[in-house]
Amino acid sequence: MNTELRVEITTQSGVQYQGAATGVVVPAALGYLGIRPGHAPLISSLVTGIVTLHQEEGDAYAAITGGIIEVFDDCVTILADIAEMAAEIDVARTREAMRRAKERLQAAYEGPSVSYADLDIDRARLALARAVNRLHTANKAGLLG
């Protein structure tokens, strides 16, 4: 039996990661899902969360926002709406995005004179969720110090 998976994480921008892993953990719609070599064929939707790539030299992490996963014949393909490897996360930019999202949400809920459309509130919530996920991913990878 094969002891490795071939893994590819792809977005509309192109391939974000391509390589081997001994296991993969993804944020599926009903909870985190673990994949090992020899896993049964699978297609599942993904939600915002952290992808963990177990590798012999140590784990690697990616922040994703939605998408789907396909597992077939020891190949794991993740088609993510947004994906960023932990090493590529700009922590300062992420903290600023989180601050702005919190500010927009606070203004929407506190100010009776401020009229925000539901769409703006939803956008701010999604931006906050993405920023928090990116910071959690960077922290898990040991990048926050």
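If neighbour count is taken as other Cβ atoms inside 10 Å, put Val7, Val47 in order from fewest to most.
On the way: Val7 23, Val47 17.
Least to most surrounded, the residues fall as Val47, Val7.
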Cα-based Debye curve of segment 5-86 sampled at q = 0.10 Å⁻¹ gives log₁₀ I(q)/I(0) of -0.18
Going residue by residue through segment 15-22, the Karplus relation 6.51 cos²θ - 1.76 cosθ + 1.60 with θ = phi - 60° gives ³J(HN,Hα) values, rounded to whole Hz and with x marking Gly or Pro, of 6, 9, 8, 8, x, 9, 8, 7
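To the nearest 0.05, what FRET efficiency results for Thr22 and Phe72 with a Förster distance of 22 Å applied to their C-beta separation? Kindly include the intermediate steps, with their values, before the conclusion.
Details: r = 18 Å, r/R0 = 0.81.
For R0 = 22 Å, the calculated efficiency reads 0.80.
If we count other beta carbons within 10 Å of each Cβ, what is the order of Arg130, Arg123, fewest first?
Fewest-to-most Cβ neighbours within 10 Å comes out as Arg123, Arg130.
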Per its Cα gyration tensor (rounded if a/c is under 1.5, else prolate when a/b beats b/c, else oblate), segment 1-48 is best filed as oblate
Taking the dipole of the chain about the Cα centre (Lys, Arg +1; Asp, Glu -1; charges at Cβ), the one of Thr52, Leu144, Leu5 that reaches farthest to the positive side is Leu144
Here the relative contact order (percent) of the chain, from C-alpha pairs under 8 Å and at least 6 apart, is 21 percent
To the nearest 20 debye, segment 5-86 has a Cα-centred charge dipole, built from +1 on Lys and Arg Cβ and -1 on Asp and Glu Cβ, of 160 debye
Using eta = 1.002 mPa s and T = 20 °C, Stokes-Einstein with Kirkwood Rh from Cα pairs puts D for the chain, in µm² s⁻¹, at 132 µm²/s
Between Arg6 and Glu96, the two model label points (7 Å from Cα along the beta-carbon direction) sit apart by a distance in nm of 4.0 nm
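Any idea what the dipole of the chain comes to, in debye rounded to 20, about its Cα centre with Lys/Arg Cβ at +1 and Asp/Glu Cβ at -1? Mind dumping the intermediate values first?
Numbers: 13 positive and 18 negative charges, 116 e Å.
The dipole magnitude comes to about 560 debye.
Coordinate-derived values only; no laboratory data. Keep in mind that what you see is a predicted model, and the values were worked out from it rather than measured. We place every Cβ from the backbone using ideal geometry, glycine too, and count neighbours over all the protein chains shown.
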